[in-house]
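The values are calculated or read from the model by the stated rules, or taken from the named source; none is laboratory data. The shown structure was predicted, so the numbers you read here are calculated from the model rather than taken from an experiment. All Cβ positions, glycine included, derive from the backbone under ideal geometry; neighbour counts span all protein chains shown.
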Amino acid sequence: MSTKTLAQVEEQFETFQILNEEGEVVNEAAMPELSDENLQEIMRRMVYTRIWDQRAISLNRQGRLGFYAPVAGQEASMLGSQFALDKDDWILPGYRDIPQIVFHGLPLHQAFLWSRGHFAGSQFPDGLNILFPQIIIGAQIIQTAGVALGLKRKGKNNIAITYTGDGGASQGDFYEGMNFAGAYNAPAVFIVQNNRFAISVPVEKQSAAKTIAQKAVAAGIEGIQVDGMDVLAVYSATKQARERALAGEGPTLIETMTYRYGPHTMAGDDPTRYRSSDLDDEWTKKDPLVRFRKFLEKKGLWTEEKENEVVEKAKEDIKEAMKQADSAPKQKVTDLIGFMFEDLPHNLREQMEEYTAKESK
(Lines give C-alpha, C1' and ligand atoms only; values in the text may rest on other atoms or scores of the structure.)
Protein backbone atom coordinates (compact mmCIF):
# COMPACT_ATOMS: atom_id res chain seq x y z
CA MET A 1 0.00 0.00 0.00
CA SER A 2 1.37 3.41 -0.98
CA THR A 3 1.65 6.25 1.50
CA LYS A 4 -1.08 8.07 -0.43
CA THR A 5 -3.44 5.09 -0.22
CA LEU A 6 -2.75 4.66 3.49
CA ALA A 7 -3.54 8.33 4.08
CA GLN A 8 -6.83 7.91 2.21
CA VAL A 9 -7.78 5.00 4.47
CA GLU A 10 -6.87 6.87 7.65
CA GLU A 11 -8.87 9.93 6.60
CA GLN A 12 -12.03 7.82 6.65
CA PHE A 13 -11.76 7.36 10.42
CA GLU A 14 -12.63 10.78 11.78
CA THR A 15 -13.77 10.84 15.40
CA PHE A 16 -17.56 10.54 15.72
CA GLN A 17 -18.98 13.01 18.24
CA ILE A 18 -22.40 14.31 19.26
CA LEU A 19 -21.64 16.44 22.34
CA ASN A 20 -18.63 18.72 22.60
CA GLU A 21 -16.79 19.44 25.84
CA GLU A 22 -19.33 22.10 26.79
CA GLY A 23 -22.23 19.68 26.47
CA GLU A 24 -23.41 21.30 23.26
CA VAL A 25 -24.90 19.23 20.43
CA VAL A 26 -22.57 19.46 17.44
CA ASN A 27 -24.11 16.64 15.40
CA GLU A 28 -27.87 17.02 15.55
CA ALA A 29 -28.46 14.46 12.80
CA ALA A 30 -26.78 11.76 14.89
CA MET A 31 -28.73 12.40 18.09
CA PRO A 32 -30.14 9.06 19.30
CA GLU A 33 -33.81 8.67 20.16
CA LEU A 34 -33.69 8.49 23.94
CA SER A 35 -36.44 9.51 26.33
CA ASP A 36 -35.82 12.01 29.12
CA GLU A 37 -35.96 9.07 31.53
CA ASN A 38 -33.30 7.24 29.51
CA LEU A 39 -31.02 10.27 29.54
CA GLN A 40 -31.41 10.64 33.29
CA GLU A 41 -30.73 6.93 33.82
CA ILE A 42 -27.50 7.11 31.83
CA MET A 43 -26.34 10.02 33.98
CA ARG A 44 -27.40 8.20 37.13
CA ARG A 45 -25.27 5.22 36.14
CA MET A 46 -22.22 7.35 35.39
CA VAL A 47 -22.42 9.24 38.69
CA TYR A 48 -23.05 5.99 40.57
CA THR A 49 -19.99 4.40 38.92
CA ARG A 50 -17.74 7.37 39.72
CA ILE A 51 -18.65 7.11 43.42
CA TRP A 52 -18.26 3.34 43.32
CA ASP A 53 -14.80 3.77 41.76
CA GLN A 54 -13.71 6.22 44.44
CA ARG A 55 -14.92 3.91 47.19
CA ALA A 56 -13.34 0.83 45.59
CA ILE A 57 -9.96 2.54 45.49
CA SER A 58 -10.31 3.36 49.19
CA LEU A 59 -11.38 -0.20 50.03
CA ASN A 60 -8.43 -1.58 48.09
CA ARG A 61 -6.01 0.59 50.05
CA GLN A 62 -7.62 -0.67 53.27
CA GLY A 63 -6.98 -4.25 52.18
CA ARG A 64 -10.71 -5.01 51.91
CA LEU A 65 -10.66 -5.56 48.15
CA GLY A 66 -8.18 -7.46 46.06
CA PHE A 67 -7.45 -6.73 42.40
CA TYR A 68 -8.97 -3.48 41.18
CA ALA A 69 -8.61 -1.50 37.95
CA PRO A 70 -9.90 2.09 38.28
CA VAL A 71 -12.52 3.27 35.78
CA ALA A 72 -12.91 7.03 36.36
CA GLY A 73 -12.83 8.78 32.99
CA GLN A 74 -14.10 5.78 31.08
CA GLU A 75 -17.71 5.84 32.30
CA ALA A 76 -19.15 7.14 29.01
CA SER A 77 -17.33 4.47 27.03
CA MET A 78 -18.40 1.67 29.34
CA LEU A 79 -21.94 2.64 30.23
CA GLY A 80 -22.97 4.29 26.98
CA SER A 81 -22.17 1.08 25.12
CA GLN A 82 -23.84 -1.21 27.67
CA PHE A 83 -26.99 0.91 27.63
CA ALA A 84 -27.37 0.09 23.92
CA LEU A 85 -27.59 -3.65 24.60
CA ASP A 86 -30.48 -6.05 25.10
CA LYS A 87 -30.49 -7.98 28.38
CA ASP A 88 -30.01 -11.22 26.41
CA ASP A 89 -26.89 -9.99 24.62
CA TRP A 90 -23.63 -11.49 25.84
CA ILE A 91 -20.88 -9.38 27.42
CA LEU A 92 -17.32 -10.69 27.53
CA PRO A 93 -15.48 -8.17 29.73
CA GLY A 94 -11.87 -7.45 30.46
CA TYR A 95 -10.75 -6.93 34.04
CA ARG A 96 -11.64 -3.20 34.04
CA ASP A 97 -15.12 -3.76 32.65
CA ILE A 98 -16.97 -4.46 35.89
CA PRO A 99 -19.51 -1.61 35.60
CA GLN A 100 -20.90 -3.02 32.35
CA ILE A 101 -21.61 -6.43 33.82
CA VAL A 102 -23.05 -5.01 37.04
CA PHE A 103 -25.53 -2.93 35.08
CA HIS A 104 -26.19 -5.99 32.93
CA GLY A 105 -27.32 -7.80 36.09
CA LEU A 106 -24.37 -8.96 38.20
CA PRO A 107 -25.02 -8.25 41.91
CA LEU A 108 -22.55 -5.71 43.25
CA HIS A 109 -21.42 -7.93 46.12
CA GLN A 110 -20.34 -10.56 43.59
CA ALA A 111 -18.21 -7.98 41.83
CA PHE A 112 -16.46 -7.39 45.15
CA LEU A 113 -16.02 -11.14 45.68
CA TRP A 114 -14.52 -11.44 42.20
CA SER A 115 -12.06 -8.71 43.12
CA ARG A 116 -11.06 -10.76 46.17
CA GLY A 117 -10.52 -13.88 44.08
CA HIS A 118 -13.43 -15.67 45.75
CA PHE A 119 -15.02 -18.40 43.62
CA ALA A 120 -18.53 -17.12 44.43
CA GLY A 121 -17.70 -13.97 42.49
CA SER A 122 -17.86 -15.97 39.27
CA GLN A 123 -20.97 -18.01 40.07
CA PHE A 124 -23.40 -15.93 38.07
CA PRO A 125 -27.20 -15.91 38.45
CA ASP A 126 -29.14 -17.99 35.91
CA GLY A 127 -29.98 -16.05 32.77
CA LEU A 128 -27.17 -13.54 33.17
CA ASN A 129 -25.35 -13.55 29.83
CA ILE A 130 -21.80 -12.66 30.79
CA LEU A 131 -18.48 -14.41 31.09
CA PHE A 132 -16.24 -13.64 34.04
CA PRO A 133 -13.79 -10.75 33.52
CA GLN A 134 -10.79 -11.89 31.52
CA ILE A 135 -7.38 -11.33 33.07
CA ILE A 136 -5.41 -12.49 30.01
CA ILE A 137 -5.21 -9.39 27.83
CA GLY A 138 -7.11 -9.89 24.60
CA ALA A 139 -8.24 -13.47 25.21
CA GLN A 140 -11.87 -12.36 25.42
CA ILE A 141 -11.76 -11.21 21.79
CA ILE A 142 -11.38 -14.73 20.44
CA GLN A 143 -13.98 -15.97 22.90
CA THR A 144 -16.39 -13.31 21.63
CA ALA A 145 -16.02 -14.51 18.06
CA GLY A 146 -16.96 -18.00 19.25
CA VAL A 147 -19.93 -16.87 21.32
CA ALA A 148 -21.20 -14.71 18.45
CA LEU A 149 -20.91 -17.60 16.00
CA GLY A 150 -22.81 -19.81 18.46
CA LEU A 151 -25.61 -17.22 18.65
CA LYS A 152 -25.77 -17.14 14.87
CA ARG A 153 -25.90 -20.92 14.51
CA LYS A 154 -28.67 -21.15 17.11
CA GLY A 155 -30.69 -18.45 15.37
CA LYS A 156 -30.61 -16.11 18.36
CA ASN A 157 -31.50 -12.46 17.80
CA ASN A 158 -28.65 -11.24 20.00
CA ILE A 159 -25.02 -10.21 19.81
CA ALA A 160 -21.79 -10.78 21.71
CA ILE A 161 -19.85 -7.69 22.72
CA THR A 162 -16.39 -7.44 24.21
CA TYR A 163 -14.05 -4.79 25.55
CA THR A 164 -10.32 -4.36 25.66
CA GLY A 165 -7.90 -1.45 25.88
CA ASP A 166 -5.44 -0.11 23.35
CA GLY A 167 -2.89 -2.56 24.75
CA GLY A 168 -5.24 -5.42 23.91
CA ALA A 169 -5.30 -4.22 20.30
CA SER A 170 -1.59 -5.05 20.14
CA GLN A 171 -2.24 -8.71 20.95
CA GLY A 172 -2.44 -11.47 18.35
CA ASP A 173 -5.81 -12.53 19.75
CA PHE A 174 -7.21 -9.16 18.67
CA TYR A 175 -6.55 -9.82 15.01
CA GLU A 176 -7.47 -13.49 15.13
CA GLY A 177 -10.79 -12.85 16.85
CA MET A 178 -11.86 -10.07 14.48
CA ASN A 179 -10.75 -12.04 11.44
CA PHE A 180 -12.69 -15.14 12.52
CA ALA A 181 -15.83 -13.14 13.31
CA GLY A 182 -15.58 -11.32 9.99
CA ALA A 183 -15.03 -14.50 7.99
CA TYR A 184 -18.13 -16.11 9.49
CA ASN A 185 -20.18 -12.89 9.55
CA ALA A 186 -20.78 -13.40 13.27
CA PRO A 187 -22.90 -10.89 15.26
CA ALA A 188 -20.06 -9.44 17.32
CA VAL A 189 -19.07 -5.96 18.45
CA PHE A 190 -15.47 -5.33 19.48
CA ILE A 191 -14.84 -2.23 21.59
CA VAL A 192 -11.31 -0.95 22.12
CA GLN A 193 -11.23 1.65 24.87
CA ASN A 194 -8.20 3.63 23.82
CA ASN A 195 -7.02 5.32 27.00
CA ARG A 196 -3.69 6.00 25.28
CA PHE A 197 -1.26 4.20 27.58
CA ALA A 198 -2.25 0.52 27.95
CA ILE A 199 -0.37 -0.38 31.13
CA SER A 200 2.32 2.26 30.61
CA VAL A 201 3.26 2.32 26.90
CA PRO A 202 1.94 5.22 24.76
CA VAL A 203 -0.34 4.09 21.95
CA GLU A 204 2.00 5.73 19.43
CA LYS A 205 4.67 3.19 20.39
CA GLN A 206 2.27 0.26 20.13
CA SER A 207 1.34 0.72 16.49
CA ALA A 208 2.24 2.81 13.45
CA ALA A 209 -1.45 3.01 12.57
CA LYS A 210 -3.00 6.44 13.03
CA THR A 211 -6.13 4.86 14.54
CA ILE A 212 -7.06 1.50 15.99
CA ALA A 213 -10.40 1.70 14.18
CA GLN A 214 -8.71 1.41 10.79
CA LYS A 215 -7.53 -2.09 11.71
CA ALA A 216 -11.06 -3.22 10.90
CA VAL A 217 -10.20 -2.79 7.21
CA ALA A 218 -7.82 -5.76 7.22
CA ALA A 219 -10.51 -7.96 8.81
CA GLY A 220 -13.09 -6.85 6.25
CA ILE A 221 -15.45 -5.47 8.90
CA GLU A 222 -16.86 -2.06 9.81
CA GLY A 223 -14.75 0.24 11.96
CA ILE A 224 -15.45 3.55 13.66
CA GLN A 225 -13.57 5.86 16.01
CA VAL A 226 -15.77 7.53 18.64
CA ASP A 227 -15.26 10.28 21.19
CA GLY A 228 -15.23 8.02 24.24
CA MET A 229 -15.91 10.92 26.61
CA ASP A 230 -19.24 11.55 24.83
CA VAL A 231 -21.77 9.07 26.18
CA LEU A 232 -24.34 9.81 23.46
CA ALA A 233 -21.82 9.16 20.69
CA VAL A 234 -20.77 5.87 22.28
CA TYR A 235 -24.40 4.81 22.74
CA SER A 236 -25.28 5.70 19.15
CA ALA A 237 -22.27 3.92 17.64
CA THR A 238 -22.92 0.78 19.68
CA LYS A 239 -26.63 0.75 18.87
CA GLN A 240 -25.88 1.03 15.16
CA ALA A 241 -23.24 -1.71 15.38
CA ARG A 242 -25.71 -3.98 17.16
CA GLU A 243 -28.39 -3.34 14.55
CA ARG A 244 -25.94 -4.07 11.74
CA ALA A 245 -24.91 -7.34 13.37
CA LEU A 246 -28.52 -8.46 13.83
CA ALA A 247 -29.29 -7.55 10.22
CA GLY A 248 -26.60 -9.98 9.09
CA GLU A 249 -24.16 -7.24 8.11
CA GLY A 250 -21.31 -8.54 10.24
CA PRO A 251 -19.13 -7.37 13.14
CA THR A 252 -18.00 -3.86 14.00
CA LEU A 253 -14.84 -2.56 15.64
CA ILE A 254 -15.45 0.53 17.77
CA GLU A 255 -12.50 2.53 19.06
CA THR A 256 -13.50 4.85 21.89
CA MET A 257 -11.05 7.67 22.56
CA THR A 258 -11.02 7.90 26.33
CA TYR A 259 -8.76 8.34 29.35
CA ARG A 260 -8.39 6.68 32.72
CA TYR A 261 -7.80 9.27 35.39
CA GLY A 262 -6.31 6.80 37.83
CA PRO A 263 -3.58 4.16 37.59
CA HIS A 264 -3.80 1.09 35.37
CA THR A 265 -4.55 -0.99 38.44
CA MET A 266 -4.09 -0.56 42.17
CA ALA A 267 -1.25 -3.07 42.11
CA GLY A 268 1.52 -0.51 42.34
CA ASP A 269 1.16 1.39 39.04
CA ASP A 270 2.28 5.03 39.12
CA PRO A 271 0.89 6.91 36.09
CA THR A 272 3.03 9.98 36.83
CA ARG A 273 6.00 7.99 35.50
CA TYR A 274 4.58 7.93 31.98
CA ARG A 275 1.92 10.68 31.84
CA SER A 276 2.41 14.42 32.14
CA SER A 277 0.32 16.68 34.36
CA ASP A 278 -0.47 18.80 31.28
CA LEU A 279 -2.00 15.76 29.56
CA ASP A 280 -3.98 14.90 32.68
CA ASP A 281 -5.30 18.46 32.80
CA GLU A 282 -6.25 18.35 29.12
CA TRP A 283 -8.34 15.21 29.59
CA THR A 284 -9.85 16.40 32.87
CA LYS A 285 -11.52 19.15 30.82
CA LYS A 286 -13.15 16.38 28.76
CA ASP A 287 -14.66 14.62 31.80
CA PRO A 288 -17.67 12.62 30.54
CA LEU A 289 -19.73 13.37 33.65
CA VAL A 290 -19.17 17.12 33.42
CA ARG A 291 -20.01 17.14 29.72
CA PHE A 292 -23.22 15.17 30.06
CA ARG A 293 -24.25 17.05 33.19
CA LYS A 294 -24.06 20.34 31.26
CA PHE A 295 -26.18 18.85 28.48
CA LEU A 296 -28.87 17.61 30.89
CA GLU A 297 -28.92 20.81 32.93
CA LYS A 298 -29.60 22.84 29.80
CA LYS A 299 -32.58 20.55 29.14
CA GLY A 300 -33.79 20.88 32.72
CA LEU A 301 -33.25 17.16 33.34
CA TRP A 302 -30.55 17.23 36.03
CA THR A 303 -29.98 19.09 39.28
CA GLU A 304 -27.52 19.07 42.13
CA GLU A 305 -30.25 17.53 44.27
CA LYS A 306 -30.70 14.61 41.85
CA GLU A 307 -26.96 14.03 41.78
CA ASN A 308 -26.66 14.05 45.55
CA GLU A 309 -29.43 11.45 45.75
CA VAL A 310 -27.45 9.19 43.40
CA VAL A 311 -24.27 9.72 45.41
CA GLU A 312 -25.96 8.72 48.65
CA LYS A 313 -27.63 5.72 47.03
CA ALA A 314 -24.28 4.54 45.69
CA LYS A 315 -22.66 4.83 49.10
CA GLU A 316 -25.50 2.87 50.72
CA ASP A 317 -25.38 0.13 48.07
CA ILE A 318 -21.63 -0.22 48.36
CA LYS A 319 -21.82 -0.47 52.14
CA GLU A 320 -24.48 -3.19 51.90
CA ALA A 321 -22.62 -5.05 49.14
CA MET A 322 -19.46 -5.11 51.25
CA LYS A 323 -21.44 -6.58 54.15
CA GLN A 324 -22.69 -9.34 51.86
CA ALA A 325 -19.20 -9.97 50.52
CA ASP A 326 -17.79 -10.12 54.05
CA SER A 327 -20.42 -12.70 55.05
CA ALA A 328 -19.51 -15.10 52.23
CA PRO A 329 -18.12 -18.45 53.45
CA LYS A 330 -14.36 -18.51 53.75
CA GLN A 331 -12.84 -20.01 50.63
CA LYS A 332 -11.18 -23.40 51.09
CA VAL A 333 -8.60 -25.24 49.02
CA THR A 334 -11.04 -28.14 48.59
CA ASP A 335 -13.53 -25.71 47.05
CA LEU A 336 -11.03 -24.75 44.37
CA ILE A 337 -10.06 -28.34 43.64
CA GLY A 338 -13.69 -29.42 43.46
CA PHE A 339 -14.56 -26.82 40.83
CA MET A 340 -11.83 -27.87 38.41
CA PHE A 341 -13.36 -30.99 36.88
CA GLU A 342 -16.61 -32.92 37.02
CA ASP A 343 -14.55 -36.07 37.59
CA LEU A 344 -11.25 -35.38 39.31
CA PRO A 345 -8.13 -36.95 37.79
CA HIS A 346 -5.91 -39.08 40.00
CA ASN A 347 -3.51 -36.32 41.09
CA LEU A 348 -6.33 -33.99 42.15
CA ARG A 349 -8.14 -36.80 43.98
CA GLU A 350 -5.00 -37.25 46.06
CA GLN A 351 -4.84 -33.50 46.78
CA MET A 352 -8.54 -33.45 47.63
CA GLU A 353 -8.05 -36.22 50.19
CA GLU A 354 -5.01 -34.44 51.64
CA TYR A 355 -6.74 -31.06 52.05
CA THR A 356 -10.02 -32.55 53.19
CA ALA A 357 -8.10 -34.13 56.08
CA LYS A 358 -6.32 -30.84 56.88
CA GLU A 359 -9.50 -28.78 56.80
CA SER A 360 -11.38 -31.19 59.07
CA LYS A 361 -8.94 -30.67 61.93
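In this structure, does A148 turn out to be assigned by TED's automatic domain parsing to the domain that holds P202, farther than 20 Å from G262 by Cβ and not in a loop (DSSP other than H, G, I, E, B)? So A148 passes the test. From the list E304, E359, exactly one residue is of a type in the set (D, E), exposed (fewer than 11 other Cβ atoms within 10 Å of the Cβ) and either without any contact (Cβ under 8 Å) to a residue 24 or more places away in the chain or over 23 Å from V102 (Cβ atoms) (or both). Which is it? From the options E304, E359, the qualifying one is E304. If you go through the range 231-283 and keep only what is over 27 Å from E22 (Cα atoms), surrounded by 15 or more Cβ atoms within 10 Å (Cβ to Cβ) and acidic (D, E), you end up with just D269. For I337, the conditions (1) in contact (Cβ under 8 Å) with a residue 24 or more places away in the chain; (2) not assigned by TED's automatic domain parsing to the domain that holds A120 are fulfilled apart from (1). What pairs come out if I take residues in the range 196-208 that are of a type in the set (D, E, K, R) and pair them with residues that are in a loop (DSSP other than H, G, I, E, B) whose C-beta lies under 7 Å away, six or more apart or interchain? As it stands, the answer is R196/D166; R196/P202; R196/Y259, since those pairs meet every condition given. As a summary of the residue check, P329 satisfies the conditions (1) surrounded by 13 or more Cβ atoms within 10 Å (Cβ to Cβ); (2) farther than 28 Å from V290 by Cα except for the one numbered (1). Would you pick out the residues in the range 4-40 that are surrounded by 15 or more Cβ atoms within 10 Å (Cβ to Cβ) and under 22 Å from H104 (Cβ atoms)? Within the range 4-40, P32, L34, L39, Q40 meet the criteria. Would it be correct to say that Q54 is over 22 Å from T164 (Cβ atoms), in the same structural domain as V217 (by TED's automatic domain parsing) and free of Cβ contacts under 8 Å to residues at least 12 places away in the same chain? No, not satisfied.
Of all residue pairs spaced 6 or more apart or on separate chains, none has beta-carbon atoms under 7 Å together with a first member in the range 209-224 that is on the phi > 0 side of the Ramachandran plot and a second member that is among the aromatic types (F, W, Y) and in a strand (DSSP E or B). Among the residues of the range 153-174, those that are in contact with a helix residue (DSSP H, G or I) (Cβ under 7 Å, 6 or more places away or on another chain), farther than 18 Å from Q225 by Cβ and either at pLDDT below 95 or not hydrophobic (A, V, I, L, M, F, W, C) (or both) comprise N157, N158, D173.
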